[in-house]
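See below for the structure under consideration.
We did not get these values from a lab; they are worked out from the coordinates using the rules stated. Predicted model, so just to flag it, every value in this text is computed and none were measured. Ideal geometry is used to build each Cβ from the backbone, glycine not excepted, and the neighbour counts take in all protein chains shown.
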């Protein structure tokens, strides 16, 4: 089966691309409680802000009906590279597929997401992902 989005990248590859491509966008599609309580990517050293736009609406977790409209309102266009992040790399795939189907050409899923998989103790953030890689993030 043909891949339905531009591809998967590591958190390090995403950071590198965001640093080198002035037009590249980091799109964090986690829920508002995740932004508030878990933290968000910090792109200030790159002179950028992560775009925080939930793919699903907490607590029902239905697909955000305003997702596409908000993408357009943010001024993100079809030719920009979008690096899409969620908690572990699942919702970001769904968002990448949806945006690609709407004509966005360069939608990349960030593997392992912000927190990555659970460790042997059942905790996230230590095995893989944005936090585990030591890439800048902040608490809101």
Report summary line: In this structure, the FRET efficiency calculated for residue 37 and residue 101 from their beta-carbon separation, with R0 = 35 Å, to the nearest 0.05, is 0.65
Query raised in the report: Hey, can you rank 86-98, 69-81 by average C-beta count inside 10 Å, highest first?
Result: 86-98, 69-81
Query raised in the report: Between segment 21-79 and segment 84-118, what is the C-alpha centre distance in whole Å?
Result: 11 Å
**Report entry** For the chain: relative contact order, % (alpha-carbon pairs under 8 angstrom, 6 or more apart)
**Finding:** 31 percent
**Report entry** Matching label, percent of Cα pairs over 26 Å apart computed from the structure shown, candidates (1) 16; (2) 41; (3) 47
**Finding:** (1)
Requested in this report: With label points built 7 Å along Cα→Cβ from the Cα atoms of residue 60 and residue 17, find their separation and express it in nm.
Outcome: 3.3 nm
Query raised in the report: Using a simple spin-label model with points 7 Å from Cα along the Cα→Cβ vector, what separation in nm is obtained for residue 139 and residue 80?
Result: 3.0 nm
Query - Bridge type composition, segment 1-126 - antiparallel percent by DSSP, nearest 5 - result: 15 percent
